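Note sheet for the following structure.
Any read-out appearing in this document is the output of simple, stated calculations on the displayed coordinates, not a laboratory observation. Here the structure is a predicted model, which is why all the values come from computation and not from measurement. Because the Cβ atoms are built from the backbone with ideal geometry, glycine has one as well, and the counts that use them run over all protein chains shown.
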């Protein structure tokens with residue numbers, strides 16, 4: 001089957017360090033931290049109370065067709081990021097209405113906040129407090145459906161619930177649809193909202209840091225939970241050239257593995273397999289990769305395993321590796337989608353996002369983690385890593401469009 005080349009022409013990011021691609025890009029360049037005291041739920045009883053919470057987000061500004069109060073926050077974030085992506089691609093939402101544009105969204109928690117609200121009402125008011133609409137909107141599949149409904153899109157709609165790798169899964173699926181001609185263009189990425197359930201879960205796993213996230217640092221103490229959405233507009237390269245669209249980067253391929261070895265402990269061999277598959281599918285050699293945007297959670301085991309896998313794939317000479325989770329926390333299903341946006345900006349703008357909070361890089365990881373400050377660099381190929389509970393691993397490869405064209 002002949003495959004079309006697929007490019008990214010729009011980026012929509014809603015994050016704790018900025019809403020919109022320009023604000024997000026500037027925050028990456030300056031190494032801004034979006035970590036603050038959590039206010040969206042009661043943190044009493046927890047010794048640690050910090051996370052990547054988005055401030056100043058008004059769903060009324062972004063949601064046009066649906067009633068914002070009738071849908072969950074994760075859907076609100078996904079809709080906002082989708083509108084931002086269309087605007088960034090210079091596509092009028094009115095022109096997209098009724099089109100075959102599809103929606104592919106990854107998530108970990110779905111609309112957990114609606115479930116928490118349902119439980120609170122049930123405890124306080126019993127059957128009299130029952131709100132059936134909470135349950136109707138709670139399934140994760142509603143997120144992509146709500147994006148399509150609010151934007152009036154009529155293409156294929158999918159939600160991927162593959163935990164913290166879900167964003168890359170969703171982008172990979174969208175790439176397949178566009179490259180094979182099944183969809184003219186796709187909105188794809190990931191979204192999740194900060195919730196007490198997720199915060200408490202990671203706390204019980206002893207995985208939450210007290211103050212900051214320090215990926216690949218000798219003294220790292222864990223991750224910080226966050227929230228956000230990253231949505232990318234993908235289209236065929238020939239269509240983008242015809243309408244003289246700005247091309248951030250080209251999707252070169254992706255690789256997946258699912259080992260099921262352990263629920264929470266990553267498997268090095270499986271991660272290596274996913275990386276090798278991604279590089280092979282993209283028609284690359286490891287030496288072609290300019291930058292790795294790491295999963296980089298800041299937990300001791302995850303960072304060590306990821307670093308070991310990177311060293312194995314790159315034969316002991318890896319390119320620079322950094323983690324945007326140091327700035328925004330772990331945004332669950334949105335994590336790899338927001339990171340993919342960071343990769344696209346790194347390629348288009350010519351810089352490496354930093355790993356902030358770096359004090360003493362861990363010699364056991366032995367990586368150039370771009371400590372604390374962004375670095376100007378020519379990025380021809382960026383590798384976006386994402387790993388999830390249960391051994392769900394997804395690696396996305398992005399390339400500079402001009403470089404990819406010369407390569408072919």
What is the percent of Cα-Cα separations in region 253-407 that go past 24 Å? 25 percent
Which of 323, 16 has the fewest other C-beta atoms within 10 Å, and how do the rest follow up to the most? 16, 323
Semi-axes of the chain from the Cα gyration tensor (sqrt of 5 times each eigenvalue, largest first, whole Å) come to 30, 27, 18
Semi-axes of region 273-326's equivalent ellipsoid from the Cα gyration tensor, sqrt of 5 times each eigenvalue, largest first, rounded to whole Å? 20, 11, 10
Structure-based [θ]222 nm, the chain - -39500 (n - 2.57) summed over DSSP H runs of at least 4, per residue, nearest 500: -10500 deg cm²/dmol
Which percent, to the nearest 5, of DSSP beta bridges fully inside region 253-407 are antiparallel? 75 percent
With an 8 Å cut-off on Cα pairs and a minimum separation of 6 or more residues, tell me the relative contact order of region 6-242 in percent. 30 percent
At the level of C-alpha centres, the distance separating region 337-380 and region 37-75, in angstrom, is 28 Å
Report, as a whole number in µm² per second, the diffusion coefficient that Stokes-Einstein gives for region 6-242 at 4 °C and 1.567 mPa s using the Kirkwood radius over alpha carbon pairs. 70 µm²/s
With no solvent and one equal point scatterer per Cα, compute the Debye intensity ratio I(q)/I(0) for region 126-280 at 0.10, 0.17, 0.20 Å⁻¹ and report its log10, rounded to two decimals. -0.53, -1.23, -1.38
What percent do you get for the relative contact order of region 253-407 when only Cα pairs under 8 Å and 6+ apart count? 34 percent
Checking 330, 311, 61 against a Gaussian network model of the chain (alpha-carbon springs below 10 Å), the top fluctuating residue turns out to be 61
Order by neighbour count: 62, 403, fewest other Cβ atoms within 10 Å first, most last. 403, 62
